[in-house]
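Enquirer: The structure that follows is given in the form of structure tokens.
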Amino acid sequence: MNDEIRRNLALFPIGIVQKLTDLSARQIRYYEQHGLIRPARTEGKQRLFSFNDVERLLEIKRYIDQGLNIAGIKKMVGVAPEASQLPEADVKIGPERKERKELTEQELHDLLKKEIITRASRPGLPNSLIQGELSRFFH
DNA sequence: GTTCTCACA
DNA sequence: TGTGAGAA
């Protein structure tokens with residue numbers, strides 16, 4: 001499984017993302033409306049965020065803290081005009097899987113660790129997580 | 001229990 | 001942006 005796929009796997013429900021980013025569900029949904037992120041959806045309409053989405057939210061959060069508004073952030077992050085509905089690497093979490101696997105704190109840490117390790121081993125760090133934000137993941 | 005959408009004092 | 005209603 002390559003990084004591209006792994007980074008785009010929709011894994012987290014909005015609740016997890018809230019903790020990861022310290023953003024309110026309201027804000028997260030609001031940013032989605034403005035095309036800043038485009039999480040996948042389960043058949044039940046629930047949002048599923050990928051690592052890429054989380055990173056982008058952290059990036060957005062930085063700009064918010066810097067006093068930028070949505071309009072300014074759109075330019076910074078680069079909002080794909082008609083990308084609001086583009087199919088993203090989706091994950092099968094539907095009827096066929098009776099119980100949606102719960103993401104425990106431990107599993108979450110493992111996932112994040114692996115993700116971070118792969119980035120750390122690649123000096124090029126394209127869209128790396130910010131050092132300061134990184135600490136949030138390791139309590 | 002969690003998330004979704006929609007609407008508003 | 002927050003919050004509450006009503007549904008899934």
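The values are calculated or read from the model by the stated rules, or taken from the named source; none is laboratory data. Fair warning: this is a prediction, and the values are worked out from it, not measured in the lab. Note: ideal-geometry Cβ built from the backbone for every residue, glycine included; neighbour counts use all protein chains shown. Note: accessible area is taken over every heavy atom of the protein model, side chains too, but ligands, DNA and RNA are not part of it. Shrake-Rupley method; radii C 1.70, N 1.55, O 1.52, S 1.80 Å.
Enquirer: Looking at A:R41, A:R47 in this structure, which one is closer than 21 Å to A:T104 by Cβ and free of Cβ contacts under 8 Å to residues at least 40 places away in the same chain? Spell out how you get there, then give the answer.
Expert: Working: A:R41 fails: closer than 21 Å to A:T104 by Cβ.
Going through A:R41, A:R47 in turn, just one is closer than 21 Å to A:T104 by Cβ and free of Cβ contacts under 8 Å to residues at least 40 places away in the same chain: A:R47.
Enquirer: Also: Output the residues belonging to region A:49-59 that are surrounded by fewer than 21 Cβ atoms within 10 Å (Cβ to Cβ) and aliphatic (A, V, I, L, M).
Expert: A:L58
Enquirer: Kindly indicate the residue of region A:23-54 that is assigned to a helix (DSSP H, G or I) and in contact with a Ser or Thr (Cβ under 8 Å, 6 or more places away or on another chain) and also nearest to A:R6 (Cα to Cα) among those meeting that condition.
Expert: A:V54
Enquirer: Same structure, new question: What do you reckon, is A:K74 open to solvent by 90 Å² or more (accessible area, probe 1.4 Å), out of contact with any helix residue (DSSP H, G or I) (no Cβ under 8 Å at 6 or more places or on another chain), at pLDDT below 80 and not polar (S, T, N, Q)?
Expert: Values: open to solvent by 90 Å² or more (accessible area, probe 1.4 Å): no; out of contact with any helix residue (DSSP H, G or I) (no Cβ under 8 Å at 6 or more places or on another chain): yes; at pLDDT below 80: yes; not polar (S, T, N, Q): yes.
Here the answer is no, as A:K74 does not meet what is asked.
Enquirer: What's the number of the only condition in (1) open to solvent by 40 Å² or more (accessible area, probe 1.4 Å); (2) more than 9 Å from DNA strand B (Cβ to nearest atom) that A:N8 fails to meet?
Expert: Exception for A:N8: condition (1).
Enquirer: Is at least one residue of region A:44-62 over 13 Å from the mean Cα position of the chain (by Cα), within 19 Å of A:S135 (Cβ to Cβ), modelled with pLDDT under 90 and within 13 Å of DNA strand C (Cβ to nearest atom)?
Expert: Looking only at region A:44-62, we keep the residues that are over 13 Å from the mean Cα position of the chain (by Cα), and these are A:44-46, A:62.
Of the ones still in play, those that are also within 19 Å of A:S135 (Cβ to Cβ) are A:62.
Now drop any that are not modelled with pLDDT under 90, which leaves A:62.
Subset that is within 13 Å of DNA strand C (Cβ to nearest atom): A:62.
Scanning region A:44-62, I find at least one residue that is over 13 Å from the mean Cα position of the chain (by Cα), within 19 Å of A:S135 (Cβ to Cβ), modelled with pLDDT under 90 and within 13 Å of DNA strand C (Cβ to nearest atom), so the answer is yes.
Enquirer: Residues in region A:11-34 that are crowded, with 18+ Cβ neighbours inside 10 Å, within 12 Å of DNA strand C (Cβ to nearest atom) and aromatic (F, W, Y): how many?
Expert: Here the count works out to 1.
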